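Asker: Starting off with a structure, shown below.
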Amino acid sequence: MEFLLENILNLVGFLVGLAIGIMSYIGFRNTGSPTLFRLTIAFFSISLGFFVIWTGYMIEDFVIKSGNIERWIQTLGIAIQTVGYFFIAFSHSIKSFFPKSSYFRSVGIFPLFLVSSVQLEHIFRSVSFILLAYGAIETMLSYFENKNKGAISVSVGLGLLALGEFLGWYSFVFPDSILYPASMIIKIGGLIALFIPVSKVPLTKIKFDEDFGK
Amino acid sequence: MAEYRTHMKIIGDILATTRDDLQDEDGASVTYLIRKANISHSRISTILKTLVSQGLLEKVDNQGSHKYKISENGREFLQAYYSFTNFADNFGLSI
(Lines give C-alpha, C1' and ligand atoms only; values in the text may rest on other atoms or scores of the structure.)
Protein backbone atom coordinates (compact mmCIF):
# COMPACT_ATOMS: atom_id res chain seq x y z
CA MET A 1 0.00 0.00 0.00
CA GLU A 2 2.76 2.40 1.00
CA PHE A 3 4.74 1.48 -2.11
CA LEU A 4 1.73 2.12 -4.34
CA LEU A 5 1.04 5.48 -2.69
CA GLU A 6 4.70 6.46 -3.07
CA ASN A 7 4.53 5.65 -6.77
CA ILE A 8 1.30 7.59 -7.29
CA LEU A 9 2.60 10.57 -5.31
CA ASN A 10 5.91 10.74 -7.14
CA LEU A 11 4.35 10.27 -10.55
CA VAL A 12 1.68 12.93 -9.89
CA GLY A 13 4.36 15.25 -8.48
CA PHE A 14 6.56 14.72 -11.51
CA LEU A 15 3.72 15.39 -13.98
CA VAL A 16 2.20 18.37 -12.14
CA GLY A 17 5.63 19.94 -11.62
CA LEU A 18 6.53 19.38 -15.25
CA ALA A 19 3.24 20.83 -16.53
CA ILE A 20 3.47 23.98 -14.39
CA GLY A 21 7.18 24.28 -15.19
CA ILE A 22 6.50 24.15 -18.92
CA MET A 23 3.73 26.76 -18.59
CA SER A 24 6.05 29.02 -16.59
CA TYR A 25 8.78 28.55 -19.19
CA ILE A 26 6.44 29.43 -22.06
CA GLY A 27 5.40 32.50 -20.06
CA PHE A 28 9.03 33.43 -19.49
CA ARG A 29 9.87 33.05 -23.19
CA ASN A 30 6.87 35.18 -24.15
CA THR A 31 7.24 37.96 -21.63
CA GLY A 32 10.82 37.80 -20.29
CA SER A 33 9.44 38.09 -16.75
CA PRO A 34 11.97 37.18 -14.00
CA THR A 35 9.09 36.01 -11.79
CA LEU A 36 8.13 33.41 -14.38
CA PHE A 37 11.79 32.40 -14.67
CA ARG A 38 11.91 31.74 -10.92
CA LEU A 39 8.68 29.73 -11.16
CA THR A 40 10.20 27.76 -14.06
CA ILE A 41 13.21 26.78 -11.94
CA ALA A 42 10.95 26.05 -8.98
CA PHE A 43 8.61 23.67 -10.76
CA PHE A 44 11.25 21.96 -12.88
CA SER A 45 13.17 21.30 -9.64
CA ILE A 46 10.05 19.96 -7.93
CA SER A 47 9.32 17.78 -10.95
CA LEU A 48 12.90 16.49 -11.07
CA GLY A 49 12.86 15.76 -7.33
CA PHE A 50 9.73 13.63 -7.62
CA PHE A 51 11.16 11.96 -10.72
CA VAL A 52 14.37 10.99 -8.92
CA ILE A 53 12.42 9.34 -6.08
CA TRP A 54 10.04 7.64 -8.53
CA THR A 55 13.01 6.30 -10.51
CA GLY A 56 14.53 5.06 -7.25
CA TYR A 57 11.36 3.14 -6.46
CA MET A 58 11.19 1.72 -9.98
CA ILE A 59 14.83 0.56 -9.86
CA GLU A 60 14.24 -0.96 -6.45
CA ASP A 61 11.08 -2.72 -7.62
CA PHE A 62 12.32 -4.09 -10.94
CA VAL A 63 16.12 -4.36 -10.55
CA ILE A 64 17.41 -4.46 -6.97
CA LYS A 65 14.32 -5.96 -5.29
CA SER A 66 15.66 -5.36 -1.79
CA GLY A 67 12.33 -4.17 -0.39
CA ASN A 68 13.62 -0.70 0.46
CA ILE A 69 14.54 2.28 -1.68
CA GLU A 70 18.17 3.43 -1.41
CA ARG A 71 18.10 6.10 1.30
CA TRP A 72 20.44 8.46 -0.57
CA ILE A 73 18.12 8.51 -3.61
CA GLN A 74 15.19 9.55 -1.42
CA THR A 75 17.35 12.21 0.25
CA LEU A 76 18.57 13.50 -3.12
CA GLY A 77 15.00 13.73 -4.48
CA ILE A 78 13.77 15.58 -1.39
CA ALA A 79 16.77 17.94 -1.57
CA ILE A 80 15.98 18.81 -5.20
CA GLN A 81 12.34 19.41 -4.26
CA THR A 82 13.48 21.69 -1.43
CA VAL A 83 15.36 23.80 -3.99
CA GLY A 84 12.07 24.14 -5.90
CA TYR A 85 10.16 25.15 -2.76
CA PHE A 86 12.88 27.69 -2.03
CA PHE A 87 12.32 29.35 -5.41
CA ILE A 88 8.56 29.51 -4.82
CA ALA A 89 9.18 31.20 -1.48
CA PHE A 90 11.94 33.34 -3.02
CA SER A 91 9.45 34.62 -5.60
CA HIS A 92 7.55 36.11 -2.68
CA SER A 93 10.66 38.18 -1.87
CA ILE A 94 12.25 36.43 1.05
CA LYS A 95 14.64 39.12 2.23
CA SER A 96 15.84 37.57 5.46
CA PHE A 97 16.26 33.95 4.45
CA PHE A 98 20.05 33.99 4.54
CA PRO A 99 21.84 35.05 7.73
CA LYS A 100 23.44 38.50 7.41
CA SER A 101 26.64 37.56 9.25
CA SER A 102 29.32 36.15 6.93
CA TYR A 103 30.40 33.81 9.76
CA PHE A 104 26.94 32.22 9.96
CA ARG A 105 26.82 32.04 6.17
CA SER A 106 30.10 30.16 6.09
CA VAL A 107 29.17 27.69 8.84
CA GLY A 108 25.49 27.41 7.86
CA ILE A 109 26.00 24.58 5.42
CA PHE A 110 28.73 22.86 7.50
CA PRO A 111 26.39 20.74 9.68
CA LEU A 112 25.03 19.09 6.50
CA PHE A 113 28.37 17.30 6.09
CA LEU A 114 28.31 15.99 9.64
CA VAL A 115 25.00 14.15 9.63
CA SER A 116 23.90 10.92 8.00
CA SER A 117 21.61 10.81 4.98
CA VAL A 118 18.66 9.86 7.21
CA GLN A 119 19.10 13.00 9.26
CA LEU A 120 19.68 15.03 6.11
CA GLU A 121 16.30 13.87 4.85
CA HIS A 122 14.67 15.22 8.01
CA ILE A 123 16.52 18.51 7.66
CA PHE A 124 15.33 18.91 4.06
CA ARG A 125 11.78 17.97 5.03
CA SER A 126 11.70 20.54 7.81
CA VAL A 127 13.17 23.24 5.54
CA SER A 128 10.59 22.32 2.87
CA PHE A 129 7.84 22.63 5.47
CA ILE A 130 8.94 26.15 6.42
CA LEU A 131 9.25 27.28 2.77
CA LEU A 132 5.89 25.77 1.81
CA ALA A 133 4.13 27.26 4.83
CA TYR A 134 5.62 30.65 3.96
CA GLY A 135 4.50 30.31 0.32
CA ALA A 136 1.00 29.25 1.39
CA ILE A 137 0.60 32.22 3.75
CA GLU A 138 1.95 34.74 1.23
CA THR A 139 -0.33 33.37 -1.51
CA MET A 140 -3.34 33.57 0.81
CA LEU A 141 -2.43 37.16 1.70
CA SER A 142 -2.28 38.00 -2.02
CA TYR A 143 -5.83 36.62 -2.34
CA PHE A 144 -7.03 39.19 0.19
CA GLU A 145 -5.51 41.91 -2.02
CA ASN A 146 -6.49 40.67 -5.50
CA LYS A 147 -9.50 38.40 -4.79
CA ASN A 148 -8.18 35.99 -7.39
CA LYS A 149 -9.89 32.67 -6.59
CA GLY A 150 -7.05 30.67 -8.15
CA ALA A 151 -4.79 31.94 -5.37
CA ILE A 152 -6.95 30.13 -2.79
CA SER A 153 -6.44 26.82 -4.56
CA VAL A 154 -2.67 27.37 -4.90
CA SER A 155 -2.47 28.45 -1.26
CA VAL A 156 -4.42 25.34 -0.14
CA GLY A 157 -2.16 23.22 -2.39
CA LEU A 158 1.02 24.64 -0.86
CA GLY A 159 -0.50 24.32 2.61
CA LEU A 160 -1.35 20.65 2.05
CA LEU A 161 2.16 20.00 0.72
CA ALA A 162 3.54 21.68 3.86
CA LEU A 163 1.32 19.53 6.08
CA GLY A 164 2.36 16.44 4.12
CA GLU A 165 6.03 17.31 4.59
CA PHE A 166 5.46 17.85 8.29
CA LEU A 167 3.69 14.51 8.73
CA GLY A 168 6.34 12.79 6.58
CA TRP A 169 9.01 14.24 8.84
CA TYR A 170 7.09 13.45 12.04
CA SER A 171 6.39 9.85 10.96
CA PHE A 172 9.95 8.84 11.90
CA VAL A 173 8.77 9.04 15.52
CA PHE A 174 6.05 6.47 14.77
CA PRO A 175 7.50 4.53 11.81
CA ASP A 176 4.74 1.97 11.29
CA SER A 177 1.79 4.24 11.96
CA ILE A 178 -0.66 5.70 9.47
CA LEU A 179 1.22 9.02 9.50
CA TYR A 180 3.42 8.33 6.47
CA PRO A 181 0.64 7.04 4.15
CA ALA A 182 -1.52 9.96 5.35
CA SER A 183 1.28 12.41 4.49
CA MET A 184 1.45 10.99 0.96
CA ILE A 185 -2.32 11.21 0.42
CA ILE A 186 -2.30 14.81 1.69
CA LYS A 187 0.57 15.67 -0.66
CA ILE A 188 -1.25 14.15 -3.64
CA GLY A 189 -4.26 16.35 -2.71
CA GLY A 190 -1.92 19.35 -2.48
CA LEU A 191 -0.46 18.74 -5.93
CA ILE A 192 -3.94 18.43 -7.47
CA ALA A 193 -5.07 21.66 -5.75
CA LEU A 194 -1.94 23.35 -7.11
CA PHE A 195 -2.71 22.26 -10.64
CA ILE A 196 -6.44 23.14 -10.78
CA PRO A 197 -6.18 26.94 -11.30
CA VAL A 198 -3.07 26.62 -13.47
CA SER A 199 -4.86 24.24 -15.84
CA LYS A 200 -7.44 26.94 -16.57
CA VAL A 201 -4.90 29.43 -17.90
CA PRO A 202 -5.14 29.63 -21.69
CA LEU A 203 -1.80 28.80 -23.26
CA THR A 204 -0.15 30.63 -26.09
CA LYS A 205 2.67 29.46 -28.29
CA ILE A 206 3.93 32.79 -29.51
CA LYS A 207 7.62 33.45 -29.05
CA PHE A 208 9.51 36.71 -29.15
CA ASP A 209 13.05 37.88 -29.42
CA GLU A 210 15.12 36.37 -26.62
CA ASP A 211 16.66 39.74 -25.82
CA PHE A 212 13.32 41.29 -25.01
CA GLY A 213 13.07 42.75 -21.53
CA LYS A 214 16.83 43.07 -21.01
CA MET B 1 -0.56 54.29 -0.95
CA ALA B 2 0.53 54.14 -4.61
CA GLU B 3 0.67 50.64 -6.09
CA TYR B 4 4.16 49.43 -7.06
CA ARG B 5 4.34 48.57 -10.76
CA THR B 6 6.89 46.20 -12.20
CA HIS B 7 8.69 47.02 -15.46
CA MET B 8 6.50 44.42 -17.16
CA LYS B 9 3.32 46.04 -15.83
CA ILE B 10 4.39 49.43 -17.17
CA ILE B 11 5.00 47.87 -20.60
CA GLY B 12 1.58 46.22 -20.38
CA ASP B 13 -0.04 49.57 -19.51
CA ILE B 14 1.66 51.33 -22.45
CA LEU B 15 0.65 48.61 -24.92
CA ALA B 16 -2.89 48.52 -23.55
CA THR B 17 -3.17 52.29 -24.00
CA THR B 18 -1.99 52.10 -27.61
CA ARG B 19 -4.47 49.30 -28.28
CA ASP B 20 -7.61 50.32 -26.41
CA ASP B 21 -7.38 53.99 -25.62
CA LEU B 22 -6.08 55.87 -28.67
CA GLN B 23 -6.71 59.59 -29.18
CA ASP B 24 -7.15 59.11 -32.91
CA GLU B 25 -6.36 56.60 -35.67
CA ASP B 26 -2.81 57.93 -36.12
CA GLY B 27 -1.75 56.63 -32.73
CA ALA B 28 -0.88 58.00 -29.31
CA SER B 29 1.55 60.86 -28.71
CA VAL B 30 4.29 60.59 -26.08
CA THR B 31 2.53 63.18 -23.92
CA TYR B 32 -0.69 61.20 -24.06
CA LEU B 33 1.14 57.96 -23.14
CA ILE B 34 2.93 59.70 -20.26
CA ARG B 35 -0.43 60.80 -18.87
CA LYS B 36 -2.22 57.50 -19.45
CA ALA B 37 0.58 55.19 -18.32
CA ASN B 38 1.59 57.56 -15.49
CA ILE B 39 5.32 57.47 -16.16
CA SER B 40 8.13 60.02 -16.48
CA HIS B 41 9.32 61.32 -19.87
CA SER B 42 12.88 60.00 -19.49
CA ARG B 43 11.68 56.52 -18.58
CA ILE B 44 9.01 56.27 -21.26
CA SER B 45 11.49 57.33 -23.98
CA THR B 46 13.73 54.35 -23.23
CA ILE B 47 10.80 51.96 -23.03
CA LEU B 48 9.24 53.22 -26.27
CA LYS B 49 12.58 52.86 -28.06
CA THR B 50 12.83 49.24 -26.87
CA LEU B 51 9.22 48.45 -27.78
CA VAL B 52 9.68 49.87 -31.29
CA SER B 53 12.97 47.99 -31.78
CA GLN B 54 11.26 44.76 -30.65
CA GLY B 55 8.44 45.31 -33.12
CA LEU B 56 5.72 45.64 -30.50
CA LEU B 57 4.97 49.27 -31.31
CA GLU B 58 4.98 51.14 -34.63
CA LYS B 59 6.32 54.68 -34.74
CA VAL B 60 4.30 56.94 -37.00
CA ASP B 61 5.55 60.33 -38.19
CA ASN B 62 2.65 62.74 -38.10
CA GLN B 63 3.18 66.39 -39.13
CA GLY B 64 6.52 66.66 -37.41
CA SER B 65 5.54 64.77 -34.28
CA HIS B 66 5.86 61.09 -33.45
CA LYS B 67 2.93 58.90 -32.59
CA TYR B 68 2.85 55.26 -31.52
CA LYS B 69 0.52 52.46 -32.59
CA ILE B 70 0.46 48.89 -31.42
CA SER B 71 1.69 46.32 -33.99
CA GLU B 72 0.34 42.81 -34.59
CA ASN B 73 3.24 41.42 -32.54
CA GLY B 74 2.34 43.89 -29.82
CA ARG B 75 -1.25 42.65 -29.75
CA GLU B 76 -0.05 39.06 -29.42
CA PHE B 77 2.39 40.06 -26.71
CA LEU B 78 -0.36 41.87 -24.81
CA GLN B 79 -2.59 38.79 -25.03
CA ALA B 80 0.26 36.64 -23.69
CA TYR B 81 0.96 39.25 -21.00
CA TYR B 82 -2.65 39.08 -19.76
CA SER B 83 -2.65 35.25 -19.83
CA PHE B 84 0.54 34.97 -17.83
CA THR B 85 -0.41 37.80 -15.47
CA ASN B 86 -3.41 35.64 -14.60
CA PHE B 87 -1.09 32.62 -14.28
CA ALA B 88 1.24 34.47 -11.89
CA ASP B 89 -1.73 35.91 -9.97
CA ASN B 90 -2.67 32.36 -9.05
CA PHE B 91 0.64 32.13 -7.18
CA GLY B 92 0.12 35.55 -5.63
CA LEU B 93 2.89 37.00 -7.80
CA SER B 94 3.27 39.83 -10.31
CA ILE B 95 5.11 39.27 -13.58
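Asker: Using only alpha carbon positions, build the gyration tensor of segment B:7-87, then give the equivalent ellipsoid semi-axes as the square roots of 5 times its eigenvalues, largest first, whole angstrom.
Answerer: Values: eigenvalues 77, 37, 26 Å².
Sorted largest first and rounded, they come to 20, 14, 11 Å.
Asker: Could you sort B:D89, B:D26, B:D61 by their accessible area in this structure, using a 1.4 Å probe and putting the largest first?
Answerer: The ranking, largest first, comes out as B:D61, B:D26, B:D89.
Asker: Pick from B:R43, B:R75, B:R19 the residue whose mean-square fluctuation is largest in a GNM of chain B, springs joining Cα atoms under 10 Å.
Answerer: Taking springs between Cα atoms under 10 Å, the residue moving most is B:R43.
Asker: Here's something else I'd like to know. Helix B:7-20 against the longest principal axis of chain B: what's the angle in degrees, Cα atoms only, rounded to the nearest 10?
Answerer: 50
Asker: First select every other residue whose beta carbon is under 14 angstrom from the beta carbon of B:K59; then total the charges, Lys and Arg +1, Asp and Glu -1. Display every interim value, and only then the final one.
Answerer: Working: positive: B:K49, B:K67, B:K69; negative: B:D26, B:E58, B:D61.
With Lys, Arg at +1 and Asp, Glu at -1, the net is 0.
Asker: Connecting C-alpha atoms closer than 10 Å in a GNM of chain B, tell me which of B:S53, B:S42, B:S71 has the biggest fluctuation.
Answerer: Of B:S53, B:S42, B:S71, the most mobile in the Gaussian network model is B:S42.
Asker: Here's a follow-up. How much net charge surrounds A:L191 when only other residues with a Cβ under 15 Å from its Cβ are counted (Lys, Arg +1; Asp, Glu -1)?
Answerer: Values: positive: A:K187; negative: A:E6, A:E165.
Residues near A:L191 contribute -1 overall.
Asker: May I ask you to work out the translational diffusion coefficient for the protein assembly as shown at 20 °C, viscosity 1.002 mPa s, via Stokes-Einstein with Rh from the Kirkwood sum over Cα pairs, reported in whole µm²/s?
Answerer: Working: Rh = 21.5 Å.
Rounded to a whole number, D works out at 99 µm²/s.
Asker: Remind me, relative contact order of segment A:1-98 in percent, using alpha carbon pairs under 8 angstrom and six or more residues apart?
Answerer: Values: 116 pairs, mean separation 28.8, N = 98.
After rounding, I find 29 percent.
Asker: Which pairs in the list B:K36/B:K69; A:K147/B:K36; A:K149/A:K200 are over 18 Å apart, alpha-carbon to alpha-carbon? Walk me through the intermediate numbers first.
Answerer: On the way: B:K36/B:K69 14 Å; A:K147/B:K36 25 Å; A:K149/A:K200 12 Å.
Cα-Cα > 18 Å for A:K147/B:K36; rest within.
Asker: Give me the net charge for the shell around B:K36: Cβ to Cβ below 11 angstrom, other residues only, Lys and Arg +1, Asp and Glu -1. Walk me through the numbers before you get to the answer.
Answerer: Working: positive: B:R35; negative: B:D13, B:D20, B:D21.
Neighbour charge sum, excluding B:K36 itself: -2.
Asker: Please give the charge dipole size of the protein assembly as shown, origin at the Cα centre, charges +1 on K and R Cβ atoms and -1 on D and E Cβ atoms. Round to the nearest 20 debye. Provide the component values of the computation, followed by the final result.
Answerer: Numbers: 26 positive and 25 negative charges, 133 e Å.
The calculation lands at about 640 debye.
The values are calculated or read from the model by the stated rules, or taken from the named source; none is laboratory data. This one's a predicted model, so the numbers in the text were calculated from it and none came from an experiment. With ideal geometry, Cβ positions are generated from the backbone for all residues, glycine too; neighbour counts draw on all protein chains shown. Surface areas here come from the heavy atoms of the whole protein model, side chains and all, with no ligands, DNA or RNA. Shrake-Rupley method; radii C 1.70, N 1.55, O 1.52, S 1.80 Å.
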